[in-house]
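All remarks here apply to the structure that follows.
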Amino acid sequence: MIFITGGSGFIGSNFVLDWLAAENEPIIILDKLTYAGSVNPLDTATHSHYHFEKGDINDQALVKRLFEQYKPRAILNFAAESHVDRSIHNPNHFIHTNINGTFCLLETARQYWLTLNTAEKTEFRFLQISTDEVYGSLKPHDAPFNESTAYAPNNPYSASKAAADHLVRSYHHTYGLPTFITNCSNNYGPYQFPEKLIPLTILNALENKPLPIYGDGLQIRDWLYVSDHCAAIKTVLANGKIGETYNIGAHNEKTNIDIVKTICEILDNIHPSPLQTSYTSLITHINDRPGHDRRYAIDAKKIEQELQWKPQVNFATGIQKTIQWYLNNLPWIEDIKSRDVYKQWLTTHYVQMEKS
């Protein structure tokens with residue numbers, strides 16, 4: 001049994017669906033079902049292979065009960081508040097979930113681990129899914145982040161994830177808890193809540209709404225297709241060295257403005273605007289985000305060389321698949337658009353555009 005927190009979020013739900021499609025081992029999912037979480041991605045899963053529990057990772061009694069009831073051999077912590085803009089406007093949720101929640105999981109996992117017999121202790125794993133944003137910002141000619149890069153988070157979101165990573169590391173070195181940390185680059189693919197750049201651009205374009213770009217749009221990110229990320233996590237869980245950190249990236253550095261233009265060009269070809277104009281005409285530059293990191297880039301040589309994992313989906317293929325998925329899943333989009341939090345998010349963007 002595998003215990004997965006945040007299994008109804010973007011990366012978590014993709015991991016769950018991949019796992020259930022390829023593995024016979026059942027899973028227990030704990031998710032709070034916040035604004036970005038949805039049970040919809042799991043509706044197609046084989047229900048006999050997983051159990052879903054709605055709840056908060058800060059609820060220690062609940063977490064303890066799930067450990068004792070299902071006796072998992074591993075816990076994978078996908079649960080996180082993850083959007084930088086939201087962390088700037090309201091950091092409280094990020095501290096609560098990303099730091100306090102990780103502490104609750106670690107402490108409960110440690111207490112559970114101590115009750116196991118020797119063979120079970122040896123097999124048990126705690127895997128923390130983290131982000132490249134903990135490393136801060138790179139200059140144009142800096143070498144990509146590697147596992148030895150010092151943490152230098154620049155916003156409340158990345159600071160909360162950095163703190164969580166430090167807690168995970170401390171629980172291994174102090175108590176011997178068998179842990180891993182993975183730091184990934186920007187993910188994209190199916191089921192991503194449309195506050196993030198790629199799905200927001202797709203959905204706004206389909207409605208002929210402005211496509212917001214922070215500042216000059218020359219911020220650089222390394223883009224990783226979500227199924228490649230899921231495969232990397234499975235590889236670390238199966239073959240990773242206890243106590244180690246593994247960076248996961250796809251060597252796809254691209255500027256935000258280039259990402260948006262690429263989406264527009266693909267949509268122009270496969271889903272032309274009813275206005276008979278290019279979607280690029282909707283691009284709207286708005287005031288830059290406070291403390292906006294200029295560049296992220298991941299050096300993934302460690303996981304590639306030590307664990308023989310490599311990304312399988314290049315960006316040209318991945319972005320085409322992503323756009324087509326959104327076009328093919330209009331009911332999921334309509335469900336998202338009906339949520340008040342999505343409407344509030346769009347309103348925030350439009351107010352910002354009017355001030356720009």
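Laid out as a table, the results:
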| item | result |
| --- | --- |
| In region 33-51, residue modelled with the lowest pLDDT [restricted to those that are surrounded by fewer than 19 Cβ atoms within 10 Å (Cβ to Cβ) and either in contact with a strand residue (DSSP E or B) (Cβ under 6 Å, 6 or more places away or on another chain) or under 19 Å from Ala109 (Cα atoms) (or both)] | Leu33 |
| Residue list for region 94-105, filter: more than 13 Å from Asp59 (Cα to Cα) and buried (at least 17 other Cβ atoms within 10 Å of the Cβ) | Phe94, Asn98, Ile99 |
| Number of the exception - Glu195 against (1) more than 19 Å from Glu133 (Cβ to Cβ); (2) out of contact with any Ser or Thr (no Cβ under 8 Å at 6 or more places or on another chain); (3) at pLDDT below 95; (4) not β-branched (Val, Ile, Thr) | (1) |
| Some residue of region 289-299 being loosely packed, with under 14 Cβ neighbours inside 10 Å, at pLDDT 80 or above and among the β-branched types (Val, Ile, Thr) | no |
| Those residues of region 309-341 which are under 21 Å from Thr131 (Cα atoms), not in a helix (DSSP H, G or I) and not aliphatic (A, V, I, L, M), in sequence order | Trp309, Lys310, Pro311, Gln312, Asn314 |
| Residues located in region 137-177, provided they are under 19 Å from Pro290 (Cα atoms), more than 20 Å from the chain's Cα centre (by Cα) and of a type outside the set (A, V, I, L, M, F, W, C) | Lys139 |
| Whichever residue in region 121-148 is among the polar types (S, T, N, Q) and crowded, with 19+ Cβ neighbours inside 10 Å and, among such residues, is farthest from Pro72 (Cα to Cα) | Thr131 |
| Hits in region 152-170 (condition: aliphatic (A, V, I, L, M) and part of a helix (DSSP H, G or I)) | Ala159, Ala162, Ala163, Ala164, Leu167, Val168 |
| Boolean, Thr149 is assigned to a loop (DSSP other than H, G, I, E, B) and of a type in the set (Ser, Thr, Tyr) | yes |
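The values are calculated or read from the model by the stated rules, or taken from the named source; none is laboratory data. This is a predicted model, so every value here is computed, not measured. Counting neighbours? That spans all protein chains shown, and the Cβs are built from the backbone with ideal geometry, glycine included.
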